[in-house]
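**Student:** First, the structure itself, so that you have it in front of you.
Rule-based calculations on the coordinates, nothing more; no lab input. Computed from a predicted structure; not experimentally measured. Positions of Cβ are backbone-derived with ideal geometry, glycine not excepted, and every protein chain shown enters the neighbour counts.
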Amino acid sequence: MKIARIETFQVPPRWLFCRIETDDGLVGWGEPVVEGRAEAVRTAVETLAEYLVGQDPLRIEDHWQVLTKGGFYRGGPVLSSAVAGIDQALWDIAGQAYGVPVHALLGGPVRESVRVYAWVGGDEPDEVADEITAQIEAGFTAVKMNASGRVSPMPGPAEVDAIVRRVATAREVLGPERDVAVDFHGRFTPAGARRVLDGIAPLHPLFAEEPLLPEHGHLLPRLVAGTNVPVATGERLYGRAEFLPALQAGIAVAQPDLSHAGGISEVHRIASLADTFGVLLAPHCPLGPIALAASLQVAFATPNFLIQEQSRGIHYNRSADLLSYVLDPEPFRFTDGRAHRTPLPGLGVRVDEAAVRAADSTAHKWRNPVWRHDDGSFAEW
Ligand SMILES: [Mg+2]
């Protein structure tokens, strides 16, 4: 069996899919994307495709090595995401070739269902109570929200108060049996993050996500040591080597993104590395159905797993949502806030190819907003 063709599709709301076809008719799908940089990743996939066409698709590890390292320059979001999407598609093909789900090839299932959480509050989380109530009614047992909208890097008492009140509202609506995770989006300085962590600690969030920007990773050990809030990070880390210092810093939750951190191959390895630090996996996934399917395959085979992000109804999904490009919604039917294991081969997602091809013709030009503080200076989004 040989790889015959690799295509990419830039589809709304902000995704990029890749389709790998073999000479005996198998088709694997992947989702290689950096949100807001889809065109750059598309070009990277096209460049890597030059090597792959004509190769045996089942040599996944060897291809990962060559695609990641064979260009001499390596890593970073664009290249790692291109490799990630290709890697997902190759695992999809392997599962179909062997007639088993990908998690069977990763050592077999260690769980029958995967806890997932829902987003509330959007970019500017104000009135979250109603949204949380709706998610509880939909069966979810955990939600995630941004700590704040645009905010001072060193938040003052009113800003900290507003954040704490919002998390307190969430806790009140959720009760003690459900969870709220709080995403800091790296919007505070390290000192500002400490202030906010102190404020929300009594409310027992499931975790605080990206309390520091990746470039302030060297300050994580002190931050972690000074709080009892479990610290999560990883959506902007692209491989094992970048996770190692965060794990050594004492984070509680590792959040590699299946579409950014080298795909199923590398995230499976990151999970094993995290396990040696007693750290749980909670893959980042505000993306489309293929990235989520890949995430779920890893979750079914990973012992040290906590919870899975998913994008149904997320504030980014305006022109299309998680189910817009799938023929069978079953793998994404969440009951009691959980996704359930299926015996479907490969990634277990049946892509609506006609819908994908049609959507690619309209493409998208999604960019994240550029925020500015009141004085005109750049603000972290
Ligand atoms: Mg985040």
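**Student:** To the nearest 10 degrees, how steep is helix 157-174 against the longest Cα principal axis of the chain, on a 0 to 90 scale?
**Tutor:** 60
**Student:** Using only Cα atoms, figure out Rg for the range 18-119 and give it as a multiple of 2.2 N^0.38 Å.
**Tutor:** In units of the globular-protein estimate, the range 18-119 measures up at 1.15.
**Student:** Here is a further query. Among Gly175, Leu203, Tyr316, whose Cα lies farthest out toward the positive end of the dipole of the chain, if unit charges sit on the beta carbon of Lys, Arg (+1) and Asp, Glu (-1)?
**Tutor:** Result: Leu203, furthest along the dipole toward the positive end.
**Student:** The range 278-371: D in µm²/s via Stokes-Einstein (Kirkwood Rh, Cα pairs, 20 °C, 1.002 mPa s)?
**Tutor:** Calculated translational D: 146 µm²/s.
**Student:** Give me the net charge of Val102's neighbourhood, meaning all other residues with Cβ under 12 Å from the Cβ of Val102; Lys, Arg count +1, Asp, Glu -1. Walk me through the numbers before you get to the answer.
**Tutor:** On the way: positive: Arg341; negative: Asp87, Asp92.
Spelling it out: positives minus negatives among the neighbours equals -1.
**Student:** Using a basic spin-label model with each label point 7 Å from the Cα along Cα→Cβ, how many nm lie between Arg59 and Asn228?
**Tutor:** 5.5
**Student:** While we're on this one: Using only the alpha-carbon atoms, how far is helix 289-301 inclined from the longest principal axis of the chain? Give it as 0 to 90 degrees, nearest 10.
**Tutor:** Taking the Cα atoms of the chain, the angle to 289-301 is about 80 degrees.
**Student:** Taking the range 192-281, how much of its Cα-Cα pair set, in percent, is spaced more than 23 angstrom apart?
**Tutor:** Details: 748 of 4005 pairs.
Tail fraction, whole percent: 19.
**Student:** Something else about it: Over all directions, how big on average is the projection of the convex hull of the alpha-carbon atoms in the range 121-246, in square nanometres? Please list the in-between numbers first.
**Tutor:** Values: hull surface 30.9 nm².
For the range 121-246, the mean projected area of the Cα convex hull comes to 7.7 nm².
**Student:** 7 Å from Cα along Cα→Cβ at both His216 and His340: what's the point-to-point distance in nm?
**Tutor:** According to this spin-label approximation, the distance is 4.4 nm.
**Student:** Right, next: Calculated from DSSP H runs of 4 or more alone, at -39500 (n - 2.57) each and per residue, what is the 222 nm mean residue ellipticity of the chain, nearest 500?
**Tutor:** Numbers: 12 runs with 141 residues, N = 381.
Here the helix-only value at 222 nm equals -11500 deg cm²/dmol.
**Student:** Please go through the range 49-90 and write out the chymotrypsin sites (Phe, Trp or Tyr not before Pro) that DSSP classes as loop and that have at most 15 other C-beta atoms within 10 Å. Mind dumping the intermediate values first?
**Tutor:** On the way: sites: Tyr51, Trp64, Phe72, Tyr73; in loops: Phe72, Tyr73.
Sparse-neighbourhood loop chymotrypsin sites (Phe, Trp or Tyr not before Pro): Phe72, Tyr73.
**Student:** Normalising by the residue count of the chain, find the relative contact order in percent from Cα pairs under 8 Å and 6+ residues apart.
**Tutor:** On the way: 845 pairs, mean separation 81.6, N = 381.
Computed value for the chain: 21 percent relative contact order.
**Student:** Stick to Cα atoms and the Kirkwood definition of Rh, then tell me Rg/Rh for the chain.
**Tutor:** Values: Rg = 20.0 Å, Rh = 20.9 Å.
A ratio of 0.96.
**Student:** For the Cα atoms of the chain, what angle does the longest principal axis make with the long axis of helix 190-200, in degrees from 0 to 90, nearest 10?
**Tutor:** Compared with the principal axis, the helix lies near 70 degrees.
**Student:** Give, in whole angstrom and from largest to smallest, the semi-axes √(5λ) of the equivalent ellipsoid of the range 185-230, with λ running over the eigenvalues of the Cα gyration tensor.
**Tutor:** On the way: eigenvalues 53, 22, 18 Å².
Three semi-axes, in Å: 16, 10, 9.
**Student:** Which FRET efficiency value, to the nearest 0.05, is calculated for His204 and Arg74 with the Förster distance at 35 angstrom and r the Cβ-Cβ distance?
**Tutor:** On the way: r = 40 Å, r/R0 = 1.14.
Once rounded, the FRET efficiency stands at 0.30.
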